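Below: the structure, in structure tokens.
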Amino acid sequence: LSHKLHRTMSMETVRTVLERLPAECPPKSEADALALAVHACLEMDGMRCVAISEGDAAQSQSTPPASPGPLPSGWNASEDMYVFIYRHASSQALFVLKCLVMEDSLLVHAASDRSDDVHCLELRMSDFVQFVPGGDRQDVEKMFSDLEALLRAVRVNIIFKLIPSLAKKLLSSGQQGSCGPKAEGIPAAGGWRGGEGPGGLRMDPTGGPPLVPDVGRADLAPAGIGIGPIGGMMPGGMG
């Protein structure tokens, strides 16, 4: 896909997510807007949100819906944390995405109930959101900037880590130009080297993982939900 077409696809996906939001809970802040855009990136690659809370996760369906639906009311009830729980047609896993607001950044952490790994990404809000409270929530061009870079960052650092087969699928379908692991400016291993890279990603200058606070798996999961490599997510944690 060309960069122009890829950008159009990103814009249209975010616009659709915005249009489906319940009228009573539109985005109210830059953090809301960026969390929605991250969610749209996952939705674009087939992730289906099945819950935004502990109770809903425990009772969520075992297979993802065929098509995406609106986020539940209350998705942005907290001012500094967003939780999205997903399923994907290519996996039996349950995926947890948690976005934490820290000053001018959104810290994105993701994990699967089939793995002990936690994948992290730090996004600077001002690099992607030009949001004015009270503005038209459907005017994506005015609300967001550089969505292509955001999609690339989320894919390489989150989506492809959760479901590696998606990277192979996109590469084989010829979409590697702006979203594959070896896209321009993105090392094959993901992340950035030498300090701060494009797209608002702050990385360890030594080439290590993103510079984010230590968030363990117990912190990543919504309260009362345990994440472990066996058995899925359930109330009270894993035994």
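Observations, loosely collected:
- With the highest mean first, a sort of the peptides 125-131, 15-21 on other beta-carbon atoms found within 10 angstrom per residue produces 125-131, 15-21.
- Order by protection proxy (mean Cβ within 10 Å, highest first), peptides 29-39, 102-112: 29-39, 102-112
- Computed FRET value (nearest 0.05) for Q92 with R20, which takes r as the C-beta separation and R₀ as 22 Å: 0.25
- Label-to-label distance, S126 versus M11, with points set 7 angstrom from Cα along the beta-carbon direction: 2.5 nm.
- Among the listed pairs K142/K168; K98/K168; K28/K168; K98/K169, those whose Cα-Cα separation exceeds 29 Å are K142/K168; K28/K168.
- Protection proxy ranking, peptides 67-73, 80-86, average beta carbon neighbours within 10 Å, highest first: 80-86, 67-73
- The distance between label points at A66 and D80 comes to 4.4 nm (points 7 Å beyond Cα on the Cα→Cβ vector).
- Here the calculated FRET efficiency for D56 and M102, from their Cβ-Cβ distance with R0 = 35 Å, stands at 0.85, rounded to the nearest 0.05.
None of the figures in this text is laboratory data; all of them are computed from the coordinates on show. As the structure is a prediction and not an experimental result, all values here were calculated from the model. Cβ coordinates were reconstructed from backbone atoms using ideal geometry, including for glycine residues, and neighbour counts include every protein chain displayed.
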